[in-house]
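The values are calculated or read from the model by the stated rules, or taken from the named source; none is laboratory data. Note that the coordinates shown come from a computational prediction; the quantities given were computed from them, not determined experimentally. Neighbour counts run over all protein chains shown; Cβ positions are idealised from the backbone, glycine included. Areas reflect the complete protein model, heavy atoms only, side chains present, ligands, DNA and RNA absent. Shrake-Rupley method; radii C 1.70, N 1.55, O 1.52, S 1.80 Å.
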Amino acid sequence: MADAEQRRIAVSNPRNGRVDFNLLVTSEEEVAAKAARLRKNQEKWSARSLSQRIEVMQRWLREVAAHADEIAEADAQDTGGCHTSYLQGFITMGNIGGWIEDAAAALEKASYCGASRSVPQVDVRTQFVPYPLVSVIGPWNAPMMLVLLDAIPALFAGCAVLIKPSEVTPRWAETLFGTVARVPELAAVFDYVQGDGATGQTMIDLSDLVCFTGSVPTGRKIAVQCAQRLIPCYLELGGKDPVIVTENADLNRAATAVLRGAAHANGMVCFSVERIYVQNDIHDAFVKLLIEKAGHVRLNADNPRAGHLHPFTFAPQAEIVARQLADAKARGATIHTGGEVLNIDGGLYMRPTVLTGVTHDMAIMREETFGPCLPVMAYRTIEEAIALANDTEFGLTASVIAGSEEEALPIAERINAGSVFMQDTFLTFAKNRTVGSNSFGVSGVGGGSRTGPEAILRYVRRKALLTQHGDVADIMNDYHKDGPERA
């Protein structure tokens, strides 16, 4: 094998299946050098006041705005033209701009300066100390957005950040970091490396905190490595998200929401709808309407910006989806639409795939699918629906579509998921600057929320500074005041 610094990874274009990018893997020595540089520069970065860091980030925001179209195109080349990719410039601007507005208030809310509530003669004040070096290891779906969801608040907190894009979708990094390079103070504490799992392992050994988005098996390995070093890690590991449709629901609204929730971005979103539970009396009518709506969805094979569904970003994922469908069919499920992997000019596509006759014995109802599949299962009582929704090791998001919010709320309160959307699906973005949440099961590990203003607290350690204003305690008289006198 060639030296590590010469190792290359062939990267395929998801739209045609051809290798069009050779990724030069960052050597262990270069990873270590970058980490050391970032760690050194972080001291000056964290010494800046928050307002000074915000001024630097404002300049970066202007650079991102000036190159938003280039950023979007780079992300789209990686994903195959996902709709989210073409919004990536706008999403990145919103992420930076949101923290410009929220960071100071979030830290202020978590601060304390005043008398101790338990020992009034002692004053207590808080200090936030950022973790020096945060490593962010990204996934291949929504690759830029999910990396920056962690990296940007860490930078505002005063950390240095080293990121590694997925080796499946690495192209966007060069374009984004072209904007970073134009802001020298930021470039001093924000950098990236390229490579695969081995590169990620090297990063972890050099980091103070790790953020990872990806599969459960990889997340387990990262958790073990971080545990061995006794450093914190935050893991978002996907979902098998359910939706419950009650008999009182507006069927047109429900079918529209479910189709988007399951098929948006080709179903390759951690909070995609992957299990659909519909009350028995409306099951057939719902399925008929869902099939009709699915028939109007078009692929983007002829025009990346015009279609609704893009190709599988990672070709092996198409094989996983095909195996789940074959398993479901073999066990008695009926496929009404889609169901086949289509090779169009080398890109792998699948039309929205509606299934009925599914059970929890099937892989498609247990394992993360990450494809545009809509398995529909009938239930008779709400108790049964809730039990089915909670019959999973995952717990990222869920949805309830009922006749009213009043009907949906008590159902939502009993579902084990970090976020439950009522009267719609796919509402994760609505909580980003509003509130945080914690996942259930294997969907998320590490504590602290990834969304909401308090997310910045992930990247700091909170110190308590205490001052005694009264008499100091005397060991010669250190006994309980109500206890017996001592000679």
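Couple of notes before you dig in:
- Residue in the stretch 418-426 that is under 29 Å from residue 224 (Cα atoms) and touching a helix residue (DSSP H, G or I) at 6+ places or on another chain (Cβ under 9 Å) present: yes
- Test: residue in the stretch 34-57 that is out of contact with any Ser or Thr (no Cβ under 6 Å at 6 or more places or on another chain), farther than 28 Å from residue 206 by Cβ and crowded, with 18+ Cβ neighbours inside 10 Å: no
- Scanning the stretch 142-156 for residues that are modelled with pLDDT of 95 or more, open to solvent by 10 Å² or more (accessible area, probe 1.4 Å) and either out of contact with any Cys (no Cβ under 9 Å at 6 or more places or on another chain) or assigned to a loop (DSSP other than H, G, I, E, B) (or both) returns a single hit, 145.
- Pick from the stretch 330-345, criterion over 25 Å from residue 256 (Cα atoms) and out of contact with any Ser or Thr (no Cβ under 9 Å at 6 or more places or on another chain), ranking: least open to solvent (accessible area, probe 1.4 Å): 344
- Restricting the stretch 5-35 to residues that are free of Cβ contacts under 8 Å to residues at least 60 places away in the same chain and of a type in the set (A, V, I, L, M, F, W, C), the residue that is nearest to residue 189 (Cα to Cα): 33
- Neighbours by Cβ (under 6 Å, 6+ apart or cross-chain): first from the stretch 296-314, aromatic (Phe, Trp, Tyr); second at pLDDT 90 or above: 312/318; 312/348; 314/140; 314/168
- Residue in the stretch 63-82 that is farther than 29 Å from residue 25 by Cα and open to solvent by 40 Å² or more (accessible area, probe 1.4 Å) present: yes
- Residues of the stretch 349-364 classified as open to solvent by 40 Å² or more (accessible area, probe 1.4 Å) and under 23 Å from residue 14 (Cα atoms), total: 1
- Yes/no for residue 101 being acidic (Asp, Glu) and either within 20 Å of residue 269 (Cα to Cα) or at pLDDT below 95 (or both): no
- Selected residue [of a type in the set (A, V, I, L, M) and open to solvent by 50 Å² or more (accessible area, probe 1.4 Å)] from 285, 306: 285
- Tally, over the stretch 245-295, of residues that are touching a strand residue (DSSP E or B) at 6+ places or on another chain (Cβ under 8 Å), free of Cβ contacts under 8 Å to residues at least 40 places away in the same chain and closer than 28 Å to residue 85 by Cα: 0
- Verdict on residue 391 being surrounded by 17 or more Cβ atoms within 10 Å (Cβ to Cβ) and of a type outside the set (A, V, I, L, M): no
- Exclusive hit being farther than 20 Å from residue 260 by Cα, in contact (Cβ under 8 Å) with a residue 24 or more places away in the chain and within 23 Å of the chain's Cα centre (by Cα), set 415, 382, 386: 415
- Scope the stretch 46-92; condition over 22 Å from the mean Cα position of the chain (by Cα), closer than 13 Å to residue 176 by Cα and not charged (D, E, K, R); matching residues: 60, 65, 66, 67
- Qualifying residue in the stretch 428-436 (condition: buried (at least 20 other Cβ atoms within 10 Å of the Cβ) and closer than 26 Å to residue 103 by Cα): no
- Taken together, 25, 11 contain a single residue that is in contact with a Phe, Trp or Tyr (Cβ under 9 Å, 6 or more places away or on another chain) and either farther than 30 Å from residue 81 by Cβ or modelled with pLDDT of 95 or more (or both), which is 11.
- For residue 252, the criteria (1) modelled with pLDDT of 95 or more; (2) buried (at least 23 other Cβ atoms within 10 Å of the Cβ); (3) outside the structural domain of residue 151 (by the TED database); (4) not aliphatic (A, V, I, L, M) hold in every case but one, which is (2).
- Of all residues making up the stretch 336-379, the number that are touching a residue at least 60 places away in the same chain (Cβ under 8 Å) and of a type in the set (Asp, Glu): 3
- Taking the criterion of being open to solvent by less than 80 Å² (accessible area, probe 1.4 Å) and either among the basic types (Lys, Arg) or part of a helix (DSSP H, G or I) (or both), the residues of the stretch 1-33 that qualify are 4, 7, 15, 31, 32, 33.
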